[in-house]
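Since the structure comes first, as structure tokens, the remarks are kept for the end.
What follows is calculated from the coordinates using simple rules that are stated; it is not laboratory data. Small disclaimer: the values here were computed from a predicted structure and weren't measured. Glycine gets a Cβ as well: all are built from the backbone with ideal geometry, and neighbour counts include every protein chain shown.
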Amino acid sequence: MNWGMKNRISRIIKPETGRCVMLAVDHGYFQGPTSGLLNLSETVEPLLPYADALMITRGAIRNWIEPTADIPIILRVSGGQSILKELSNETITTCIEDAIRINASAITCSVYVGGEYEKQTIDNLSKLVDDGEKYGIPVLAVTAVGKDMAREARYLGLASRICVEIGAHIIKTYYTEDFKKVVEACGNVPVVIAGGKKQPEMDALQMACNAVSDGAVGVDMGRNIFQSDSPVGMIQAVRAIVHEKKLADEAFQIYESSKK
Ligand code: 5RP
């Protein structure tokens, strides 16, 4: 791995702990004005001090994030579909030159293994990896789950391993029973979990705790943080699990006391 690639990865996955808390706010690229992200800067600014990286599109970053913000960017460069249509029909929406102009620390696309446009999304990933390798920019592959795709270890392990084989540098997938098998399928490639739909805070914290104890290097969490009744308390609690190895109930106290 070249110096630039290693340097960018270490801006995201902190060398002190080998772990990371990514904040995902790229939902608008297929969901439009997602609850909590209508005024993206109002939501994100208070959370930035507690995030190790921000996953976002180029349009959102230019509209709602100050260029002076001190946060590594994981740039969402795939899209082309919406919640109204077949989700797997994605293309690459942002060229590598624009990612470089934005000073992205990583680029990301979704891969829909089992989806109608599976091959197209694997092809998207392979193009990103070629560009990323050329310019020293790591690629985070999201194992997306469409409407009918199973969230279980056999399927997520298959999807994650395909992304590893295509050359992804970080895998983002979903937590599931037997999650250790998914991590194992990825070899030395670091794995983070998505939060998924909003759950009660304690459940989301327990999931984060289970994921890191099963070998994930952290989370790339969105709705379970920014749709919480205390987004700052929630990201602080997630951080305590990921970086300080706190248990879920200890982290829950951090979230609870943030509301007082
Ligand atoms: C969609 C994504 C989103 O960034 C991510 O899944 C959203 O995070 P969360 O599920 O925690 O709200 O990659 O494919």
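Ordering of 195-208, 235-248 by packing is 235-248, 195-208, highest average first (other Cβ atoms within 10 Å, averaged per residue). Ordering ASP131, ASP220 from the fewest to the most neighbouring beta carbons within 10 Å gives ASP131, ASP220. Pairs with C-alpha atoms separated by more than 25 Å, drawn from the list LYS198/LYS246; LYS197/LYS246; LYS172/LYS197; LYS6/LYS127; LYS85/LYS134, are LYS85/LYS134.
What net charge do the residues around HIS243 carry, taking every other residue with its C-beta under 10 Å from that of HIS243, with Lys and Arg at +1 and Asp and Glu at -1? Don't skip to the end; give the middle numbers.
Values: positive: LYS14, ARG19, ARG239, LYS245, LYS246; negative: GLU16, ASP52, GLU244.
With Lys, Arg at +1 and Asp, Glu at -1, the net is +2.
Computed from label points 7 Å out along Cα-Cβ, the spacing between ASN39 and TYR135 is 3.3 nm. Scaled against 2.2 N^0.38 Å for its residue count N, the alpha carbon radius of gyration of region 1-84 is 1.17. The slack in the chain from LYS259 to LEU48, taken as 0.36 nm per residue of separation less the alpha-carbon distance, amounts to 74.1 nm. Counting only the Cα atoms, region 200-260 fills a convex hull of 64 Å³ per residue. Straight-line cross-link partners of LYS181 among the aspartates and glutamates, defined as a Cα under 19 Å from its Cα and at least 8 positions apart when in the same chain: GLU152, GLU165, ASP214. What the Kirkwood sum gives for region 1-159 is a hydrodynamic radius of 16.3 Å, with every pair of different alpha carbons counted. Entry note, the chain: relative contact order of 17 percent, from Cα contacts under 8 Å with a spacing of 6+ residues.
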